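**Student:** Just passing along the structure, written as structure tokens.
The values are calculated or read from the model by the stated rules, or taken from the named source; none is laboratory data. Quick caveat: nothing in here was measured; it's all calculated off a predicted structure. Don't worry about glycine lacking a Cβ; one is built from the backbone with ideal geometry, like all the others, and counts go over all protein chains shown. Please note that ligands, DNA and RNA were not included when accessible areas were found on the heavy atoms of the full protein model with its side chains. Shrake-Rupley method; radii C 1.70, N 1.55, O 1.52, S 1.80 Å.
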Amino acid sequence: MISSAKSKRPEKPLKGRVRTPGDKSMSHRALILGALAEGITEITGLLEGDDILHTAEAVRAFGAEVKRVGNGHWTVTGRGARGWRSPKDPVDFGNAGTGARLVMGAASGFNIKVSYTGDASLSSRPMGRVLNPLREMGAIFETKNDRLPLKQIYGGKLSAIHYTPPHASAQVKSAVLLAGLNTQGITELHELSLTRDHTENMLQAFGAKVGRKPKDEGQVVTIAGPVSLKATKIKVPGDPSSAAFLIAAALLVPGSDIIIENVMMNNGRAGLFEVLNEMGAFLRADNYRRSGGETIADLHVKHSRLRGVIVMSNRVPSMVDEYPILAVIAATARGTTVMRGLGELRVKESDRLAGTLKMLSANGVDAKIDGDTLSVTGGRIAGGAKVKTHHDHRMAMSALVLGLASEKPVRIDDASMIATSFPQFFDLMAEIGAHIETS
Ligand code: S3P
């Protein structure tokens, strides 16, 4: 088992053609919708990361039959009209916020009792943002401070609500929509800024009618319940949030030139690509095609001389998971990159705003935080520090990519969480020529 890791400047440019694993957001949703649907859903390209394996276990506990047929190839026999049943034991989500929040939404539509648990990181994250609208619909939870562990003690026979989430969050939107599936009437969600729409897209693939109307900067999403989902085939494309680490590595290491195949290009996830283009990156998307209800492309990335830019807060929803790696990229750019509106980063797998500042400062990068704004000025990266990752996969991978551009190696205390979202990280990095030592 890997615990710590160390990265250093590669001697040669990074080269090669690689494929990132399946998208994490879509993989969770495919298992959950498959477990709700009538019939057998066949999923290919499923991410086999720890977060997804926890969701697979969770839906099994609610009575779905989940089978691994081959590499990334899974089937889910859903409960359909029988509905989810009360799990015998507590449902453990490990590190997976998306799994936990979406399943809580789906399960609240059934008259069942459930206990939920998670690891130390997940147990410190706010669940009230999902529990509050579900309570408004009529579900009852027993919690201490709206954190895990918690229990659903009443669900089912919910009332449809009109809800405007206070945070831009696809997880909250999805939890409410999934609860709405088993609720009589029209559940309406007004999101003030657009977030990733995989739940809406996939619900449609499972035969549900989802209303979507633009409103101001955001949209109103509706679902008229009750809805019976029909099993389907889901092909999960490559994860753009995982591709981000390979892209960053190629941008940072002189002479690099790589291709990443099969990356999902959903607008709700493309913020980093847009910002990198503004920074002057050579990042081209070729061979656009449709697969699994999403647009995908192959990304061609070359080492580039970048310039600092201002990233406004309206970008956050489309790149919320990409700020730590953008901050690493910014450390090599000419001038200062200013990233605004990063409050949500404080409640991810770790406090990513504080963690990014610490990671960069400890390795000699000029960075500062002012309120919810992070500024990073590019220049020489001394490296040499050991970064604490606080059970956070994206902090771990960001620090290791930083080491590829640092004078002295960068170490991390714990690399085990990388397996939650990107189990092939070390292999793919090695394949393009970045050999990262683990111990
Ligand atoms: C996700 C939504 C985002 C993101 C997370 C995955 C999803 O969280 O950070 O990694 O799959 O819906 P929020 O919705 O809380 O911003």
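**Student:** Do you know which of the residues in the stretch 241-256 that are polar (S, T, N, Q) and within 16 Å of the ligand (Cβ to nearest atom) is nearest to ARG19 (Cα to Cα)?
**Tutor:** SER242
**Student:** In this structure, is GLY308 more than 27 Å from ASP351 (Cα to Cα), assigned by TED's automatic domain parsing to the domain that holds LYS388 and in contact with a strand residue (DSSP E or B) (Cβ under 9 Å, 6 or more places away or on another chain)?
**Tutor:** No.
**Student:** Would you tally the residues in the stretch 35-50 being surrounded by 21 or more Cβ atoms within 10 Å (Cβ to Cβ) and under 18 Å from PHE426 (Cα atoms)?
**Tutor:** Total meeting the criteria: 2.
**Student:** Tally up the residues in the stretch 398-439 that are over 15 Å from PRO21 (Cα atoms), part of a helix (DSSP H, G or I) and among the aliphatic types (A, V, I, L, M), please.
**Tutor:** 7
**Student:** Taking the condition of being in contact with a Phe, Trp or Tyr (Cβ under 7 Å, 6 or more places away or on another chain) and not in a strand (DSSP E or B), how many residues in the stretch 137-160 meet it?
**Tutor:** Residues meeting the conditions: 3.
**Student:** Working only within the stretch 141-168, note down all residues that are within 16 Å of the ligand (Cβ to nearest atom) and hydroxyl-bearing (Ser, Thr, Tyr).
**Tutor:** TYR163, THR164
**Student:** Tell me, which strands (runs of 3 or more DSSP E) lie completely within the stretch 1-102 with 3 or more residues that are under 24 Å from SER241 (Cβ atoms)?
**Tutor:** Ranges flagged: 5-7, 15-19, 40-44, 73-77.
**Student:** Of everything in the stretch 192-205 that's part of a helix (DSSP H, G or I) and either within 11 Å of the ligand (Cβ to nearest atom) or not small (Gly, Ala, Ser) (or both), which residue is surrounded by the most Cβ atoms within 10 Å (Cβ to Cβ)?
**Tutor:** It comes out as THR199.
**Student:** Right, next: Give the stretch 4-34 a look and list any residue that's over 23 Å from SER169 (Cα atoms) and buried (at least 24 other Cβ atoms within 10 Å of the Cβ), or say none.
**Tutor:** Scanning the stretch 4-34 gives ALA5, SER7, LEU14, THR20, PRO21.
**Student:** What tally of residues in the stretch 169-191 results from selecting those that are open to solvent by less than 10 Å² (accessible area, probe 1.4 Å) and away from the ligand (no atom under 13 Å from the Cβ)?
**Tutor:** Count: 5.
**Student:** Further, regarding this structure: Could you list all residues from the stretch 328-356 that are touching a residue at least 24 places away in the same chain (Cβ under 8 Å), away from the ligand (no atom under 16 Å from the Cβ), not in a loop (DSSP other than H, G, I, E, B) and not β-branched (Val, Ile, Thr)?
**Tutor:** If the condition is that a residue be touching a residue at least 24 places away in the same chain (Cβ under 8 Å), away from the ligand (no atom under 16 Å from the Cβ), not in a loop (DSSP other than H, G, I, E, B) and not β-branched (Val, Ile, Thr), then ALA330, ARG334 are the ones that fit.
**Student:** Please verify whether ILE259 is outside the structural domain of THR75 (by TED's automatic domain parsing), more than 30 Å from SER108 (Cβ to Cβ) and either crowded, with 24+ Cβ neighbours inside 10 Å or within 12 Å of the ligand (Cβ to nearest atom) (or both), treating the condition exactly as stated.
**Tutor:** Judged against the criteria, ILE259 is not a match.
**Student:** Just to be sure before I move on: is GLU274 of a type in the set (Asp, Glu) and either open to solvent by less than 50 Å² (accessible area, probe 1.4 Å) or assigned to a strand (DSSP E or B) (or both) in the structure I sent?
**Tutor:** The answer is no for GLU274.
**Student:** Could you tell me which residue of the stretch 295-327 is nearest to GLY364 (Cα to Cα), considering only residues that are assigned to a strand (DSSP E or B) and open to solvent by 10 Å² or more (accessible area, probe 1.4 Å)?
**Tutor:** Only one residue fits best here, namely ARG307.
**Student:** Let me ask something else about it. Within the stretch 103-112, how many residues are part of a loop (DSSP other than H, G, I, E, B) and hydrophobic (A, V, I, L, M, F, W, C)?
**Tutor:** Total satisfying the criteria: 2.
**Student:** Next question, about the same structure. Given the conditions (1) closer than 23 Å to ASN314 by Cα; (2) in a loop (DSSP other than H, G, I, E, B), which single one is not true for ALA367?
**Tutor:** Checking ALA367 against (1) closer than 23 Å to ASN314 by Cα; (2) in a loop (DSSP other than H, G, I, E, B), the one that fails is (2).
**Student:** Mind checking whether some residue in the stretch 304-324 is acidic (Asp, Glu) and touching a Leu at 6+ places or on another chain (Cβ under 8 Å)?
**Tutor:** Yes, some residue in the stretch 304-324 is acidic (Asp, Glu) and touching a Leu at 6+ places or on another chain (Cβ under 8 Å).
**Student:** Just the residues that are within 17 Å of ILE258 (Cα to Cα) and touching an Asp or Glu at 6+ places or on another chain (Cβ under 7 Å), please, taken from the stretch 293-323.
**Tutor:** ALA297, ASP298, HIS300, LYS302
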